[in-house]
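K.L.:
The following block contains the structure, expressed as structure tokens.
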Amino acid sequence: EIPDNLIDDDNNGYIDDFIGYDFVTVPASEVSPGEDPGPPDNDPMDVYGHGTHSSGIVAAVKNNAVGIAGVSPGSKIMALRAGYKTPSGSALLQSSAIESAIVYAIDNGVSIISMSFGSYSADRPYRDEIQTAYSENIVLVASAGNDNTSEPRYPAAYSEVIAVAAIDRNDQRPLWSNYGSWVDVAAPGVSIISTYADDSTPYVIWDGTSFACPHVSG
């Protein structure tokens, strides 16, 4: 894909998608000021910062005397936006956007899908897309959740997905990390410094299985 020429050069059905794609479509009243409610476009800018923090854990460049080094420095990141910042400052994800993002990832040749999100829904969200990705030999990794419960959380609890809980620097589970027989592995998730989508604050320290997940993906 050639950037910004308004042509679908690679004939994948998306114009100028040279870094990924934004699948969010919600009413403007549901997003915070400065956030993008849609329609879908080729700019997956992360206003909330969650995806940027996760991506830095995976792929931040090493040996440049700036910030951090990722687990897999310089890896290629396909940025796919399925969530948004609400007027209250919290983050939400749109199920239909998640499904579209996974399909896009499959169709455009990813090796790994890192999913720092989840739901306890009995409706088994994104099930078909997860199975399709698995059948294409894509490695699937997801966060176990931060609610101190053993209740299965999806997509992490699907058999095709590596479910990641959190540990601290002493290899202990923080009290908020989910757990259970459906969890496959634990990774650092406490006081994790990584990249942030704000030039005035380029790095932040956050906790969560959301940030244990990209350690495993990386």
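K.L.:
Taking the Cα centre of the chain as origin, sum charge times position over the Cβ atoms of Lys and Arg (+1) and Asp and Glu (-1), and report the length of that vector in debye to the nearest 20.
P.N.:
Working: 9 positive and 29 negative charges, 210 e Å.
Its charge dipole is roughly 1000 debye.
K.L.:
Work from the charge dipole of the chain (Cβ charges, +1 for Lys and Arg, -1 for Asp and Glu, about the Cα centre) and give the residue of Ala156, Ile112, Ala28 farthest towards its positive end.
P.N.:
Ala156
K.L.:
Return the whole-Å distance between the Cα centroid of region 41-89 and the Cα centroid of region 99-131.
P.N.:
Cα centroid of region 41-89 versus Cα centroid of region 99-131: 18 Å apart.
K.L.:
Using the Cα centre of the chain as origin and beta-carbon charges of +1 (Lys, Arg) and -1 (Asp, Glu), tell me which of Leu6, Val183, Ile19 is placed farthest towards the positive end of the dipole.
P.N.:
Val183
K.L.:
Considering the chain as a Gaussian network with a 10 Å cut-off on Cα pairs, which listed residue, Ile162, Ile77, Ile113, attains the greatest mean-square fluctuation?
P.N.:
Greatest mean-square fluctuation among the candidates belongs to Ile77.
K.L.:
Another one. Compute the accessible area per residue over the chain, keeping the other protein chains in place, probe 1.4 Å, unit Å². Can you show the working numbers first?
P.N.:
Values: 11050 Å² over 218 residues.
That works out to 51 Å² per residue.
K.L.:
If I model region 145-218 as equal point scatterers sitting on the Cα atoms and use the Debye formula, what is log10 I(q)/I(0) at q = 0.22 Å⁻¹?
P.N.:
The Debye formula, applied to the Cα set alone, gives -0.91.
K.L.:
Roughly what would the spin-label model give for Glu160 and Asn5, points 7 Å off Cα along C-beta, in nm?
P.N.:
Label-label distance for Glu160 and Asn5, simple model: 3.5 nm.
K.L.:
Charges only on Cβ, +1 for Lys and Arg, -1 for Asp and Glu: so what's the dipole of region 60-151 about the Cα centre, in debye to the nearest 20?
P.N.:
On the way: 6 positive and 8 negative charges, 89 e Å.
So the dipole magnitude of region 60-151 works out to roughly 420 debye.
K.L.:
Note down the net charge around Pro188, summing +1 for each Lys or Arg and -1 for each Asp or Glu among other residues with Cβ under 13 Å from its Cβ.
P.N.:
Numbers: positive: Arg169, Arg173; negative: Asp168, Asp171, Asp207.
Every neighbour counted, the sum reads -1.
K.L.:
Ignoring ligands, DNA and RNA, what percent of the accessible area of region 87-183 is carbon or sulfur (1.4 Å)? Walk me through the numbers before you get to the answer.
P.N.:
Values: 2140 of 4890 Å².
Of the solvent-accessible surface of region 87-183, carbon and sulfur hold 44 percent.
K.L.:
I would also like to ask the following. Compute the signed sum of charges (Lys and Arg +1, Asp and Glu -1) over the other residues within less than 15 Å, Cβ to Cβ, of Ser29.
P.N.:
Numbers: positive: Lys85; negative: Glu30, Glu35, Asp36.
With Lys, Arg at +1 and Asp, Glu at -1, the neighbours total -2.
K.L.:
What is the sum of charges, Lys and Arg at +1 and Asp and Glu at -1, for the other residues whose Cβ falls under 14 Å from the Cβ of His215?
P.N.:
Net of charged neighbours comes to -3.
K.L.:
Would you please classify the overall shape of region 22-72 from the alpha carbon gyration tensor, given that a ≥ b ≥ c denote the square roots of the eigenvalues, rounded means a/c under 1.5, and beyond that prolate means a/b larger than b/c while oblate covers the rest?
P.N.:
Values: a/c = 3.64, a/b = 2.75, b/c = 1.32.
Cα axes put region 22-72 in the prolate bin.
K.L.:
Sticking with this one: Could you work out the helix-only [θ] at 222 nm for the chain, with each DSSP H run of four or more residues adding -39,500 (n - 2.57) and the total divided by the number of residues, to the nearest 500 deg cm²/dmol? Write out the running numbers ahead of the final one.
P.N.:
Working: 4 runs with 41 residues, N = 218.
Helices in the chain give a 222 nm mean residue ellipticity of -5500 deg cm²/dmol.
K.L.:
In a GNM of the chain with a 10 Å cut-off on Cα contacts, which of Gln131, Gln94, Gln172 has the highest mean-square fluctuation?
P.N.:
Gln172
The values are calculated or read from the model by the stated rules, or taken from the named source; none is laboratory data. Since the structure is predicted, the reported quantities are computational estimates derived from the model, not experimental observations. As a convention, Cβ positions derive from the backbone with ideal geometry for all residues, glycine included, and neighbour counts pool all protein chains shown. Surface areas here come from the heavy atoms of the whole protein model, side chains and all, with no ligands, DNA or RNA. Shrake-Rupley method; radii C 1.70, N 1.55, O 1.52, S 1.80 Å.
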